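The values are calculated or read from the model by the stated rules, or taken from the named source; none is laboratory data. Since we're looking at a predicted model, the values are computed, not measured. Here the Cβ positions follow ideal geometry from the backbone for every residue, glycine too, while neighbour counts run over all protein chains shown. SASA here: full protein model, heavy atoms, side chains in, ligands and nucleic acids out. Shrake-Rupley method; radii C 1.70, N 1.55, O 1.52, S 1.80 Å.
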Amino acid sequence: MITVGIVGATGYAGGELVRLLLGHPNVKLAGLYGRNRDNQPIETSHPHLSGSGLVIDQAIPEADAIFTALPHGVAAGMAADIVARGSALLDIGPDFRLHDPADYPTWYKFDHPAPELLAQAVYGLPELHRREMRDAAARTPTVIGLPGCYPTA
């Protein structure tokens with residue numbers, strides 16, 4: 001059983017991730033994080049998750065893995081703290097998709113605040129990078145930048 005936390009659980013992608021992981025037999029949701037949300041039931045943001053008993057807090061959960069589902073640049077600012085605690089980081093946003101920090105202002109309109117993590121980040125499209133993802137999971141810190149909807153469509 002792996003424990004998972006979701007940072008950005010109040011947005012669309014975060015809510016879908018909660019829905020999917022609630023039904024996963026090998027995952028235990030350790031906690032949900034949402035800005036300016038403290039002790040708020042998840043159904044306030046996602047009515048379809050009523051009855052789950054999950055609550056959104058303002059603290060990043062302690063977990064084996066943390067998914068971040070945040071606007072451009074926000075996850076990168078939190079990444080160093082997340083991986084320093086020993087959690088694997090899986091970013092649903094664009095913050096760890098590219099390896100060169102100089103590319104971020106061009107493509108995503110922000111300067112990357114954690115360029116030291118970019119070199120070890122793996123692009124998490126398993127059809128192309130399954131071995132690299134497996135290798136990344138075996139080392140610390142584990143940082144995986146998940147692809148967006150266009151590359152996976």
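Inside segment 34-49, residues that are open to solvent by less than 50 Å² (accessible area, probe 1.4 Å) and at pLDDT 90 or above make up a count of 5. Annotation: of all residues in segment 1-16 being of a type in the set (Ser, Thr, Tyr) and outside any loop (DSSP other than H, G, I, E, B), the one that is surrounded by the most Cβ atoms within 10 Å (Cβ to Cβ) is THR3. Can you confirm whether ILE56 is under 16 Å from VAL7 (Cα atoms), among the aliphatic types (A, V, I, L, M) and free of Cβ contacts under 8 Å to residues at least 60 places away in the same chain? Against the criterion (under 16 Å from VAL7 (Cα atoms), among the aliphatic types (A, V, I, L, M) and free of Cβ contacts under 8 Å to residues at least 60 places away in the same chain), ILE56 qualifies.
Is one or more of the residues making up segment 98-114 at pLDDT below 90, within 29 Å of ALA59 (Cβ to Cβ) and of a type in the set (A, V, I, L, M, F, W, C)? No, there is no match, as no residue in segment 98-114 is at pLDDT below 90, within 29 Å of ALA59 (Cβ to Cβ) and of a type in the set (A, V, I, L, M, F, W, C).
Picking from ILE42, ILE82, which residue would you name as being in contact with a strand residue (DSSP E or B) (Cβ under 8 Å, 6 or more places away or on another chain), closer than 23 Å to PRO113 by Cβ and of a type outside the set (Gly, Ala, Ser)? Walk me through how you get there before you give the answer.
Values: ILE42 fails: closer than 23 Å to PRO113 by Cβ.
That would be ILE82, the only listed residue that is in contact with a strand residue (DSSP E or B) (Cβ under 8 Å, 6 or more places away or on another chain), closer than 23 Å to PRO113 by Cβ and of a type outside the set (Gly, Ala, Ser).
What residue, of LEU29, LEU49, LEU17, is more than 28 Å from THR140 (Cα to Cα) and hydrophobic (A, V, I, L, M, F, W, C)?
Working: LEU29 fails: more than 28 Å from THR140 (Cα to Cα); LEU17 fails: more than 28 Å from THR140 (Cα to Cα).
Going through LEU29, LEU49, LEU17 in turn, just one is more than 28 Å from THR140 (Cα to Cα) and hydrophobic (A, V, I, L, M, F, W, C): LEU49.
Note on segment 53-84: residues that are over 10 Å from the mean Cα position of the chain (by Cα), open to solvent by 20 Å² or more (accessible area, probe 1.4 Å) and hydrophobic (A, V, I, L, M, F, W, C) amount to 8. Hey, could you check segment 136-153 for residues that are touching a strand residue (DSSP E or B) at 6+ places or on another chain (Cβ under 8 Å) and of a type in the set (Val, Ile, Thr) and say which is surrounded by the fewest Cβ atoms within 10 Å (Cβ to Cβ)? Ranking the qualifying residues of segment 136-153, first place goes to THR142.
So which residues in segment 85-135 are of a type in the set (Ser, Thr, Tyr) and buried (at least 20 other Cβ atoms within 10 Å of the Cβ)? First the steps, then the outcome.
As a first pass, look at segment 85-135 and keep what is of a type in the set (Ser, Thr, Tyr): 87, 104, 106, 108, 123.
Residues satisfying the conditions are SER87, TYR104.
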